[in-house]
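Scroll down for the structure; my scribbles are underneath it.
None of the figures in this text is laboratory data; all of them are computed from the coordinates on show. Note that the structure is predicted; figures quoted are calculated from it, not measured. Reconstructed Cβ throughout: ideal geometry from the backbone, glycine too, with neighbour counts over all protein chains shown.
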Amino acid sequence: MRIHFPIAVFAVLLSAFAAVAPRAYAQEQQLARLETLQPNIPEYLLGSGDKVRVTVYGEDDLSGEYAVDGNGYISMPLIGDVKAAGLSGPALQMAVANAYGNGYLNEPRVSVEVTTYRPFTIIGQVQRPGQYSYVNGMSVVTAVAMAGGYTDQASEGSVYIRHEGDTKEAAVDADQNVQVRPGDTIYVKRTAFWDLMSVATPITAILGAARYGIP
């Protein structure tokens with residue numbers, strides 16, 4: 001049977017589309033998944049435990065590194081305490097400039113840089129639970145590694161994260177795509193098997209004791 005040239009071309013194009021379409025769809029699904037896992041991180045807001053470097057240009061005596069105290073303030077020469085908690089770097093920069101410009105300096109130029117972020121906390125099934133210094137841009141995988149890795153009982157597929165200020169934790173995939181924020185609490189759960197074993201072991205011990213008449 002003879003196939004007309006246009007029909008043959010159409011068949012080839014159709015075959016090519018059939019081969020490419022699933023791949024394109026898979027890529028779209030992967031991109032959608034990454035967008036879900038890594039939402040837009042809001043502008044970083046300062047809090048107690050952060051340290052900032054404040055530079056007042058032309059005024060070396062006023063420049064330096066300052067810690068945000070437990071009440072959310074930094075204490076600076078001449079102007080005293082300045083509220084920092086809840087402000088972004090640019091907002092604190094403006095607050096400091098306004099304070100120095102109010103009778104101290106003529107049109108002060110100020111810059112603010114975060115030098116030390118407040119720590120994050122990781123608990124549950126990791127080798128060394130506790131607080132760790134935050135590193136800018138770190139992922140869940142990095143956080144687990146800093147805590148010595150998973151225990152033998154850990155559920156490694158996902159972890160639970162509660163962001164500072166949130167009341168609920170959210171389950172996320174434990175991979176490089178999920179970013180950790182300063183002040184986060186990460187919880188690594190046990191697998192369902194070990195949860196069951198933790199319940200079954202005491203019951204087995206009680207039944208064994210009852211069997212042999214041990215009070």
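A few comments on the model shown:
- Among residues other than Ser158 with Cβ under 10 Å from its Cβ, the summed charge is -2 (Lys and Arg +1, Asp and Glu -1).
- Cut-off 20 Å (backbone N to label point 7 Å along Cα→Cβ of Ile123), residues of segment 177-191: 180-191
- The length gained on full extension between Glu43 and Val135, counted as 0.36 nm times the residue separation minus their Cα-Cα distance, comes to 31.5 nm.
- Cα shape, segment 89-176, gyration tensor, a/c 1.5 rule: prolate
- Straight-line reach from Lys168: taking Cα to Cα under 26 Å and skipping same-chain neighbours fewer than 8 places apart, the lysines in range are Lys189.
- On full extension, the segment bounded by Asp81 and Tyr104 gains 6.8 nm, given 0.36 nm per residue less the C-alpha separation.
- Modelled this way, with points 7 Å down the Cα-to-C-beta line, the labels at Ser111 and Asp69 are 2.8 nm from one another.
- Once the chain from Glu156 to Thr191 is taken as fully extended at 0.36 nm per residue, the excess over their C-alpha distance is 11.8 nm.
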